[in-house]
Amino acid sequence: MKAMRETSNASESKPSEEAFNLGALVARRRKEATELWAKTINPQFARVLRTIGFDREWARAEGAYLWDADGNRYLDMLGGFGMFNVGRNNPRIRAALIEALELDLPGSVQMGTTVLPPLLAEALLARTPARLERVLFTSSGTEAIEAAIKLGRAATKRARVISAEHGFHGLTLGSLSVNGCPEFTSRFGPLLPDCERVPFGDLEALERELRREDVAIFLVEPIQGKGVNLPPPGYLEGAQELCRRYDTLFCVDEVQTGLGRTGKLFAFEHWGLEPDMVPVAKSLSGGYVPVGALIMSKAVHEAVFDGMENALSHGSTFAPNELAMAAGLATLHEIDTQKLVERSERLGEMLLELGGRLAARHEVVKEVRGRGLMWAIEFAEPPSGSRTYRAIERIQPGLFAQFVIGPLFSEHRILSQVAGHSMAVIKVLPPLVVSDEDISWLEDALDDSIAKAQRLPRSLTRLALGSLRAFS
């Protein structure tokens, strides 16, 4: 019997002719990526990529760079919307994931505990204010926002949730209900009731809502991601004070701004805040594994998980999985040992300086703003007037910025994005491992691309109009 088992095991260990070979599959089908995406996932997104010339055949990535199939290197100033703070394909995060796989850990026992989730929770709490004492893991940022809404309502026994106009927060139904961007929300109603918005930066408007004493949560991005909008002086401190006064939970959304992005580990540190709840996600796993978390006060947690019968009041099946937890621990270690927070702060100052030089050279640059490696450049028709700018913006508001990121990509090999719908704003959100030379590369490329956009011939303007019609 034992011999039979050994023979069986030996035969099972031999690779068959039909063994799965991921590398061969990718190599064989990579050229079809956009076509397959259009056929099976989202044909309109594929049309967008083809129209703006972003439909490259991507071959590999490392740190702050991408390479296409022809071997051309691109500077990644988009960073997967903020996923790759520690750089793409970080070898030390990968090593931690491989080690976790080789350990054969007993993850997701569900009715039991394992050591990696509380270790990551402990590491997060060690880096946040003392007010924050509990962590609930999720699989994404939008799940963390959903958890904040759900737990916040239960903890306060109030229904209303206030957020800021132009804030993002996510695209699932609950998160969409507090999303302040009409271009995302307008077609998907009815959304959750009792979710309302106030202007970002307006303390009087916020207090008018809070003084009714029926608001569970005020949810706010410390720096709004869609346009890189910074809060006015005193706004976030004042919002926190109002929340304390009216017994409303103060929830600071750090999904994009957290983990070193703004030159602090968490953006709320710039203003000395102590929130009641902090959703985090995106780069927590180094971009390898979906993971998020809601960091919260003990008071909030214990108001919801208030007895054994409510021990499972909220959760997510895959959220505290071993790979995500291992990646999270390795990512925090990488941020610390590579001094990525300090690097973000220093390079952010360089970005603001280069923005000042660009504004001095190009009247069309209205404003440059940001914190750390979360940066934006906004365009507007110069005071002296510009027929070209007016013609472009008449086609579609915000189109001038698209005419800048086009040559940034096609001629200078820099991947970037327009910061929001109908906004003449280019946003920069690179991995925190970018170099001084990369910042110089960006400056030279922006200088050239802005100049070319201002000289755009009418024939190209007509072509752009035709391209936009292809989207409709």
Suppose every K and R has +1 on its Cβ and every D and E has -1 on its Cβ; what is the size of the dipole of the stretch 340-471 about the Cα centre, in Debye to the nearest 20?
820
Exposure proxy order (Cβ contacts within 10 Å, fewest to most) of 294, 323:
323, 294
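Using a cut-off of 11 Å between beta-carbons, work out the net charge of the residues near residue 148 (Lys and Arg +1, Asp and Glu -1, residue 148 not included).
Once positives and negatives cancel, what remains is -2.
Going by C-beta contacts inside 10 Å, put 410, 283 in order with the fewest on the left.
Neighbour counts put them in this order, fewest first: 410, 283.
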Among 354, 176, 52, the residue whose Cα sits farthest towards the positive end of the charge dipole of the chain (+1 at Cβ of Lys and Arg, -1 at Cβ of Asp and Glu, taken about the Cα centre) is 52
Out of residues 5 or more away from residue 375 or on other chains, whose amide H comes under 5 Å of its own, with H placed 1.01 Å from N in the peptide plane?
428
May I ask what percent, to the nearest 5, of DSSP beta bridges between residues of the chain are antiparallel?
65
Using a 10 Å cut-off on Cβ atoms, rank the peptides 203-211, 441-449, 373-381 from the highest mean neighbour count down.
373-381, 441-449, 203-211
Signed unit charges on C-beta, dipole axis of the chain, positive-most listed residue 69, 271, 118:
69
Exposure proxy check: 264, 150 ranked by fewest other beta carbons within 10 Å?
150, 264
Placing unit charges on C-beta atoms (Lys and Arg positive, Asp and Glu negative, everything else neutral), compute the dipole magnitude of the chain about its Cα centre in debye, rounded to 20.
1380
Which whole number in µm²/s is D for the stretch 94-182 by Stokes-Einstein, with the Kirkwood Rh taken over Cα pairs at 25 °C and 0.890 mPa s?
155
Taking only complete DSSP H runs, can you tell me which helices of the chain stretch 18 Å or more along their own long axis by Cα positions and average at least 0.0 on the Kyte-Doolittle scale?
141-156, 322-337, 458-471
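How much net charge surrounds residue 129 when only other residues with a Cβ under 11 Å from its Cβ are counted (Lys, Arg +1; Asp, Glu -1)?
Taking every Cβ under 11 Å from that of residue 129, the sum is -2.
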Over the stretch 340-471, calculate the relative contact order: mean separation of alpha carbon pairs under 8 Å at least 6 apart, over the residue count, as a percent.
24
Only Cα pairs under 8 Å and at least 6 apart count here; give the relative contact order of the chain as a rounded whole percent.
19
Give me the one-decimal Kirkwood hydrodynamic radius in Å for the chain, with the sum taken over alpha-carbon pairs.
24.1
The stretch 93-337: relative contact order from alpha carbon pairs under 8 Å, six or more residues apart, as a whole percent, is 29
Put +1 on the Cβ of each Lys and Arg and -1 on the Cβ of each Asp and Glu in the stretch 93-337; which of 293, 220, 303 then has its Cα farthest toward the positive end of the dipole?
220
Residues meeting the amide H criterion for residue 249 (H placed from the backbone, H to H distance under 5 Å, 5 or more places apart or on another chain) are 217, 218
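Rounded, prolate or oblate: which fits the stretch 241-346 when a ≥ b ≥ c are the square roots of the eigenvalues of the alpha-carbon gyration tensor, with rounded for a/c under 1.5 and prolate only if a/b beats b/c?
On the way: a/c = 2.90, a/b = 1.21, b/c = 2.40.
The shape class here is oblate.
Past 22 Å, Cα to Cα: identify those pairs from 264/427; 282/366; 31/452, in the order given.
282/366; 31/452
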Under 5 Å between amide H atoms, partner at least 5 residues away or on a different chain: which partners does residue 197 have, H built in plane at 1.01 Å?
163
Would you please classify the overall shape of the stretch 66-133 from the alpha carbon gyration tensor, given that a ≥ b ≥ c denote the square roots of the eigenvalues, rounded means a/c under 1.5, and beyond that prolate means a/b larger than b/c while oblate covers the rest?
oblate
Quick shape check on the stretch 93-337: root eigenvalues a ≥ b ≥ c of the Cα gyration tensor, a/c under 1.5 is rounded, otherwise prolate if a/b tops b/c, else oblate, and it reads prolate
For the stretch 93-337, size of Cβ-based charge dipole, Lys and Arg +1, Asp and Glu -1, in debye:
340
Show that you can apply the helix-only estimate: for the chain, add -39,500 (n - 2.57) for every DSSP H stretch of four or more residues, divide by all residues, and state [θ] at 222 nm to the nearest 500.
-13000 deg cm²/dmol
Distance in Å, no decimals, from the C-alpha centre of the stretch 160-220 to the one of the stretch 264-330 is 21
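Where a number appears in this text, it was derived from the coordinates with a stated rule and is not lab data. None of the values given here were measured: they were computed from a predicted structure. All Cβ positions, even for glycine, are placed from backbone atoms using ideal geometry, and neighbour counts span all protein chains on display.
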